[in-house]
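The values are calculated or read from the model by the stated rules, or taken from the named source; none is laboratory data. Predicted model, so just to flag it, every value in this text is computed and none were measured. Neighbour counts are summed over all protein chains in view; Cβ atoms, including those assigned to glycine, are modelled from backbone coordinates with ideal geometry. Areas reflect the complete protein model, heavy atoms only, side chains present, ligands, DNA and RNA absent. Shrake-Rupley method; radii C 1.70, N 1.55, O 1.52, S 1.80 Å.
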Amino acid sequence: MKQRFINWRGLMFVLLYFFIILYTLTFPSSVSWFIFYSFSFVLLVAFFSSRLKIYFKNIQWVVTEDNRLDLSFTLYRRWHLLFLLSSFELILTDQQGKQIFQTVYPDLFLKNRSEFRALSQHMTRGHYEQLTVQTRGLGLFGLFRHRFTHSLSVDFAIYPKKAPQERILNLLSEQAIRLTDLDSLSHAFEVKELRAYQPRDAIGSIDWKSSLKREQWMIKEYDREDHLSISLYFVGFSSSQFEDLLSLAYSLDQYLSAYSKNDLHLLGSFNGQTDKRSQPYDYLTIQPSEDDQRLLKLLGPLDTFKTTILIIAPRNMSFPDTIKNTPNLFILDERQLDSLKGGSED
């Protein structure tokens with residue numbers, strides 16, 4: 001239940017105004033009428049000073065590399081009217097109603113505009129299309145309260161936190177997952193033929209070691225094999241460290257996609273339904289799922305022929321032995337999170 005506070009100052013002023021009216025009607029005189037009109041004027045000014053409409057312009061936002069929000073805008077009054085609020089507070093909330101930022105403006109009185117900046121604000125994961133600005137304050141003499149709500153149209157996305165590349169490399173090295181060397185990651189070559197150099201061959205293709213031994217330019221021709229692809233699975237079973245595990249999956253996905261083509265599979269709750277998605281923007285909406293059997297069914301049979309499979313899942317997610325014993329398959333859980341944080345687990 002919303003708690004309401006009594007404005008004792010305003011209540012006392014209204015009672016005083018009531019007695020002035022009563023006195024003026026009982027003892028009419030030029031002095032009593034002057035006092036009555038003066039108090040009436042003060043009340044009107046105090047009332048209209050709190051009933052102001054605020055406008056916003058120059059709305060700008062930047063999402064930093066660590067997924068924090070820098071937001072700025074200008075709030076002003078039309079026709080160069082002045083702010084006459086004795087106190088002014090601004091509250092910024094997201095589209096779920098969660099408070100992001102709160103500040104008090106002590107120097108807004110008798111100004112017609114002010115610059116607002118909220119730097120390095122932590123935001124929850126998701127896509128944002130609007131933010132809500134609430135302004136609260138007191139009019140002149142603190143008699144009437146001011147409340148105003150405005151929606152800011154924005155368009156930005158907050159993805160899971162991305163771990164530094166060196167920590168990803170450290171994690172892969174600890175787990176003996178050979179993904180750091182590009183040749184071992186995506187290329188495997190066997191010598192098909194060693195032959196003499198021909199005019200059509202490029203100079204860069206000359207094998208100098210063989211050429212020195214044979215005292216003539218030699219060319220090595222390679223028979224290229226198909227490379228192993230990477231399949232990344234995030235199993236979003238309910239866990240207290242769901243966001244950290246999702247950050248691990250996102251960091252691996254970003255690192256691997258920079259060097260090779262990998263298949264992404266996000267398993268979790270989407271719009272209240274346990275499902276599997278495969279697009280990068282699905283990182284924004286995936287939520288934990290309680291249905292472990294449905295998640296295992298979506299995981300399906302895993303083919304590791306010419307494929308390395310990485311599964312990120314919480315420790316409380318039970319996998320059958322057929323999955324655990326699959327070659328070229330690695331399961332990462334909360335025990336690997338310390339590698340991303342720069343620590344090590346005992």
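A few notes on this one:
- Leading residue by the ranking (farthest from Ile158 (Cα to Cα)) among those in the stretch 104-148 that are of a type in the set (Ser, Thr, Tyr) and loosely packed, with under 13 Cβ neighbours inside 10 Å: Ser120
- Hey, Asp263 open to solvent by less than 80 Å² (accessible area, probe 1.4 Å), closer than 24 Å to Ala157 by Cα and of a type in the set (D, E, K, R) or not: yes
- Listed conditions (1) within 19 Å of the chain's Cα centre (by Cα); (2) open to solvent by 70 Å² or more (accessible area, probe 1.4 Å); (3) within 24 Å of Lys324 (Cβ to Cβ) are all met by Ser251, apart from (2).
- Per-region count, the stretch 307-332, residues of a type in the set (D, E, K, R) and within 26 Å of the chain's Cα centre (by Cα): 1
- Scan the stretch 24-38 for residues that are in contact (Cβ under 8 Å) with a residue 12 or more places away in the chain and either open to solvent by 60 Å² or more (accessible area, probe 1.4 Å) or under 28 Å from Arg78 (Cα atoms) (or both) and the total you get is 1.
- From the list Leu245, Leu212, Leu232, the one residue that fits, being modelled with pLDDT under 85 and either outside any loop (DSSP other than H, G, I, E, B) or aliphatic (A, V, I, L, M) (or both), is Leu212.
- Looking only at residues in the stretch 267-289 that are assigned to a helix (DSSP H, G or I) and touching a His at 6+ places or on another chain (Cβ under 8 Å), the one that is farthest from Arg315 (Cα to Cα) is Tyr281.
- Residue that is modelled with the highest pLDDT [pool: residues in the stretch 148-207 that are among the acidic types (Asp, Glu) and more than 16 Å from Thr308 (Cα to Cα)]: Asp155
- The residue of the stretch 78-113 that is modelled with the lowest pLDDT, among those that are under 15 Å from Ser50 (Cβ atoms) and in a strand (DSSP E or B), is Ser87.
- Residue ID - modelled with the lowest pLDDT, chosen from residues in the stretch 114-133 that are out of contact with any Leu (no Cβ under 7 Å at 6 or more places or on another chain) and β-branched (Val, Ile, Thr): Thr124
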